[in-house]
Amino acid sequence: VLHNWNPDDVDTASTSNKKENRRRSIYRGICIFDYESEYDKALAYRAAEKPFVIRNDPYVYWTTERWNHEGYMRKLLSLDQPQQNNGGVNINDKKKEKEYRAEYSENNHFMYWMLQRNQKKVYKQRKKNTSTKDGGTNTQKRQKESIGRGAITANRFMQKLQNEQKKELLPAGWEAPTKMIHMNFDNWYRRAKEQDLRKQTPTRHDQKQQQEQSNNTNADVTNATKSQQQDVPHWYFRLIGCGAMGKCDGDRSTESLFSEMDFFHPQRPQSDLYLGSEKDKQSGIHCRFGMSGVISEAHYDGSRNMIALLSGERRYILSHPNQCQNLYLYPKSHPSSRHS
């Protein structure tokens, strides 16, 4: 499967205009049902907790039609906040774009991570151990100061730090694979369009590297070029509707997602297929806006998922639960727990 379609290759058999990039076949192992004519079949699969794909849901189509208008999304995700002076008078009438969660990666791969409280303490301490102007490190300075004061020896300090690392199973040398940031929709959308344009029109630097590799086979050159196009910054924009969970995302939660996607609303009949009989256990709506080529590393989630694709294409490679032992999953205490 991976040889037939490298995950870093964003060209698909349905979208590629180049004959050499078209695939003779794409391997599918999941049943596809039509909402209008095969609803009962999809409902049976949902009850049995088996994966399936459903198409032609009119409620999803209505959301898709709205969300594929750039102006509509900009209006939906903006926040009217005119600045005021001390007297309460508006300084200007400009709209301030609301910022939401986002992730930044230096390439197209995104590995989820989260630090526990004590892990944050260890990670911050590591960050402090950076070079200073005089060529030493903060750790060395602290060791010297500790010895000078007689409060704690350098050895005891390092032993304490090592014990904390061991206790929390924070791997030595671990670095956060992505950066958690905040950005507005316009900022993400502009970067996504620039990225698409760059992949469609390689830069002179890309073309130069391709020429330098001209001694390789055509396949090697093609794969190298694709790798170059993916090995650039990517941003992953996120919206979260908390619902019954309350304030799960602070002031950045987007509760309007429930009215925008009533097929995921626990109190609407059109959500019967997707939420089943356990609507009270719904853990919110999580929207992901990915740039072309974004890959979410292999993982399993802590709850059942129903996914609506509102724009573009997304490829899923599913593994049976009995294969978990073969997926090289990180331990539960690891920052990227549940991931491979």
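Does any residue of the stretch 14-32 turn out to be at pLDDT 75 or above, over 30 Å from D249 (Cα atoms) and not in a loop (DSSP other than H, G, I, E, B)? Step through it out loud before you land on a result.
Taking the stretch 14-32 as the starting set, the residues that turn out to be at pLDDT 75 or above are 26-32.
Add one more test, that the residue is over 30 Å from D249 (Cα atoms), and what stays is 26-32.
In the following step, the residues that additionally are not in a loop (DSSP other than H, G, I, E, B) were identified as 32.
Yes, the stretch 14-32 contains a residue that is at pLDDT 75 or above, over 30 Å from D249 (Cα atoms) and not in a loop (DSSP other than H, G, I, E, B).
For residues that are of a type outside the set (K, R), without any contact (Cβ under 8 Å) to a residue 24 or more places away in the chain and open to solvent by 40 Å² or more (accessible area, probe 1.4 Å), scanning just the stretch 246-263, find the one that is farthest from C287 (Cα to Cα).
Looking at the filtered set, the residue picked out is D251.
Here is a check on your reading of the model: is F237 within 19 Å of T63 (Cα to Cα) and not in a strand (DSSP E or B)?
Numbers: within 19 Å of T63 (Cα to Cα): yes; not in a strand (DSSP E or B): no.
Criteria not met by F237.
So the check is Cβ under 6 Å with 6+ separation or different chains; which pairs have a first residue in the stretch 273-294 that's polar (S, T, N, Q) and a second one that's assigned to a loop (DSSP other than H, G, I, E, B)?
Q282/P266; S283/S303; S292/V10
Among residues belonging to the stretch 301-312 that are more than 17 Å from Y236 (Cβ to Cβ) and in contact with a helix residue (DSSP H, G or I) (Cβ under 7 Å, 6 or more places away or on another chain), point out the one that is most open to solvent (accessible area, probe 1.4 Å).
This residue is M306.
The values are calculated or read from the model by the stated rules, or taken from the named source; none is laboratory data. Values in this document were obtained by computation on a predicted structure and should not be read as measured data. Note: ideal-geometry Cβ built from the backbone for every residue, glycine included; neighbour counts use all protein chains shown. Ligands, DNA and RNA are excluded from the accessible area calculation, which covers all protein heavy atoms including side chains. Shrake-Rupley method; radii C 1.70, N 1.55, O 1.52, S 1.80 Å.
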